[in-house]
Each structure stands twice: as C-alpha cells, then as structure tokens.
Amino acid sequence: MEHRINSRVNPFYNDKATLVFNAIERNGIKIDKNEFEKHFQRTPTEEFVFTSYNFKTLTTRPSNKFDGINYAALNKENGCRKSFIPRNDVFVEYDISAYHPTLSGRLIDFDFGDNDIHRSFASMYGVDYNKAKELTFKQLYGGIFDQYKDLEFFRKIQVYIDEVWSAYKENGWIECPISGYQYREWELENMNPQKLFNYVLQNMETSLNVEILFRILKLLKGRNTKLVLYTYDSFLFDVDKSELPVLEQIKQVFNEFKLHIKEKNGISYDFA
C-alpha cells in the first residue's frame, strides 16, 4: 500500500488540548505529607504534587503519570487517596454517568431520552441494573453478543463499526468526530473493527472533555477554586466555599453537552 504522507499538525490537539491539560498540571494538588509518604514511599519536600498528562498515546486518550505515580488510576481501596487534600475548603468531584454508552448513542444517532441509560439497557435485556451495566460495557469493548444483536442500539452500532472499518481499509485512514484527528492504517498494528471502534470512542471522549475543560477553566479564571485532576469521566475540584455559585455554572456546562453527572465531596480524595 502506498502511504499517504500527511505531516500536518492536528490543531485541536496542538492548541486546545495542550492548553487545558497544561492548565490542570499547573494547579497541582495539595497533599497530606504523612499520608503521602506512607502510601507512596516518598518523602515530600513540598506541600503540593504536580501531575503530568501525556496525550500522545495510541488512542489519544491521555495518560497521567509522574514520578512513578499513575494519577489516572489511584487505588480506591487501600487508602492512598487520603494523601490528597484541598488547599481551600472541600473537594468536589463530578463523574459523568454512562459516558461511553452516551457517546456511542451519539455516534449512531440513538436517543435514550431522559432515562437513566443503564436502566434503559436493563429493560432491553430483561435483567437488573448492575447486570445491564456489565453486559453493555462487555459488548461495547469486546463485541456484540448474538442474543442482543437484533436490539436497535446494537444493530446500529454494528452498522457503524462496519462502515468505519470499510472506510479505514479503503482509504487507509479515518477522521474522528470533534477533533478531526486521523487514525492511519500504516501507524497502527493489529487493528480490527472492534478495536478501531474503541479507539474512535476514546478519541471522542477525550475531544469532548477538552471542550468541557476549556469552558470550565474559563469560568475558574481568577478564582480560588481550581480544577486539580481529570481522569477520563471524572473532574476533581478544589473548592473555596465562598465561590459555591461557580459550581452551578460548572454543572451547566455538563448540561449544555447533555451529560448526566454524579457528585461526591469530601475533605480528602478518598470520599469514604
């Protein structure tokens, strides 16, 4: 195959994405030095740690690792999250509900309405809520099960997967929604239709989050309240209680993108 040379820089990632991730990195996260040393076997010299985002990954979904600590996958069970505390008054975290099913629905123009998406799937499958979540994620990431391939959602997903794969093989590349990023056949190994769909989904997640982050960071400019950590479908804020009205503005950003969020808060990142 003759490779199409395209050395142009993707402006979405070069300009907007680098801007928002750098802004989060510069905010840093305050630590409880004793807890941090206990869990991470490091003796901190400062009261803040700083994360480092790398979005030059195969899927473009950013990793976040610095000094051997993976901030995108901090253990929720061993107490290590107690190491991170607010510089202001309280941590508030917003988690996007059913993010990948939501994005998948948008790719195929499938409307879940205002229903809880996992509850909608539970009705489709005829199972309980938790089992529905398990079944949906297994099929989005691993392939559609025979017994559910005739459900409208999964019929449309399969059509989309087949169409994207066909375009990828015919042209040698596909362009992702929102970012305009291109996945190129000669740069990726062992690709298959399901894997390519997962790449597109992760790129769409990252791209939409960049748009969300861009708006939120503008709202927080000049404020004490800071966005201190982003991990795929969750956003951690270090909140000054005198600025609580800005949280309603932040929630409105998610509403504008028609995303449902769940809220947690606490005096450490442990949220226990």
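We did not get these values from a lab; they are worked out from the coordinates using the rules stated. Since this is a predicted model, take the numbers as computed values, not measurements. No Cβ is skipped: glycine too gets one built from the backbone with ideal geometry, and neighbour counts run over all protein chains shown.
Just a few scattered comments:
- Under Karplus coefficients 6.51, -1.76 and 1.60, residue-wise ³J(HN,Hα) of segment 109-121 in Hz, glycine/proline x: 6, 9, 9, 7, x, 9, 6, 4, 4, 5, 5, 4, 5
- Kirkwood-based shape ratio for segment 133-259, expressed as Rg/Rh from alpha carbons: 1.09
- Site-free segments of the chain were taken between GluC sites (Glu not before Pro) in DSSP loops having at most 15 other Cβ atoms within 10 Å, sites themselves excluded; the longest one is 78-188.
- Convex hull of Cα atoms in segment 111-167, direction-averaged projection (nm²): 4.1
- When each of V239, V159, V90 is scored by the number of other beta-carbon atoms lying within 10 Å, the sequence from fewest to most is V159, V90, V239.
- D (Stokes-Einstein, µm²/s), Kirkwood Cα radius, segment 1-111, 1.567 mPa s at 4 °C: 75
- Three principal axis extents of the chain based on alpha-carbon atoms, in descending order, are 54, 49, 36 Å.
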